[in-house]
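Have a look at the structure below before the remarks.
Every read-out reported here was derived from the displayed coordinates using simple, explicitly stated rules and does not represent laboratory data. Nothing here was measured: the structure is a model prediction, and the numbers come from that model. Note: ideal-geometry Cβ built from the backbone for every residue, glycine included; neighbour counts use all protein chains shown.
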Amino acid sequence: MPLQQLKQELLQRKMKLERQIAAIEHDFRQGRSSDLAEQAQERENDDVLSALEQKAEQELQHINRALTRMEQGSYDRCSVCQDVIAIERLSAIPYTTLCIECANRQSQ
């Protein structure tokens with residue numbers, strides 16, 4: 001998969017995450033029920049939404065850093081050893097910063 005195609009996929013994912021975060025934030029701004037039972041359910045929903053928002057924001061940060069690396073010309077280079085990251089790895093994890101060897105070393 002060429003880098004341009006990966007960039008398009010990252011940009012599409014970025015837009016999807018931005019819409020998801022905006023929708024969650026919109027939901028948080030909505031008024032809450034005066035019914036105590038519904039308030040308890042809304043608090044549980046808020047906890048789930050907060051977790052989803054945090055996960056989306058983290059992924060968005062990874063994507064933004066990957067797009068910056070693309071602009072700088074260092075996208076396909078491992079941040080540890082500077083070797084080329086295999087296109088198969090970038091296709092699987094488009095915002096990775098590590099080649100497979102360095103990723104394996106870090107997970108041990």
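Of Ile87, Asn104, Gln8, whose Cα points farthest to the positive end of the dipole of the chain (charges on the beta-carbon: +1 Lys, Arg; -1 Asp, Glu; origin at the Cα centre)?
My answer, from the dipole projection, is Ile87.
Specify the residue with the greatest mean-square fluctuation among Leu52, Leu98, Leu67, computed from a Gaussian network of the chain linking alpha-carbon atoms under 10 Å apart.
With Cα springs under 10 Å in the chain, the top fluctuation among Leu52, Leu98, Leu67 is at Leu52.
Give me the percent relative contact order of the chain, please, defined on Cα pairs under 8 angstrom at least 6 residues apart.
27
Select one label from (i) 2, 10, 17, 17, 11, 7, 6, 6, 6, 6, 5, 4, 2, 1, 0; (ii) 2, 11, 17, 17, 13, 11, 9, 7, 6, 4, 2, 0; (iii) 2, 12, 20, 22, 17, 13, 8, 5, 1: the one whose number is P(r) over Cα pairs in 5 Å bins from 0, in percent as derived from the coordinates shown.
Given (i) 2, 10, 17, 17, 11, 7, 6, 6, 6, 6, 5, 4, 2, 1, 0; (ii) 2, 11, 17, 17, 13, 11, 9, 7, 6, 4, 2, 0; (iii) 2, 12, 20, 22, 17, 13, 8, 5, 1, the calculated one carries the label (ii).
Pull out a ≥ b ≥ c, the square roots of the eigenvalues of the alpha-carbon gyration tensor of region 46-100, then state rounded if a/c is under 1.5, prolate if not and a/b is larger than b/c, and oblate in the remaining case.
Numbers: a/c = 3.16, a/b = 2.28, b/c = 1.39.
In terms of gyration-tensor shape, prolate.
Straight-line reach only, C-alpha to C-alpha below 13 angstrom: list the aspartates and glutamates that Lys14 could link to, leaving out same-chain residues fewer than 8 apart.
Glu57, Glu59
To test your reading of the geometry: what angle, between 0 and 90 degrees and rounded to tens, separates the Cα axis of helix 3-29 from the longest principal axis of the chain?
Around 20 degrees separate the two axes.
Return the long-range amide H neighbours of Arg77 (sequence gap of 5 or more, or a different chain), with a cut-off of under 5 Å between placed amide H atoms.
Amide H neighbours of Arg77, under 5 Å, 5+ apart: Ile85.
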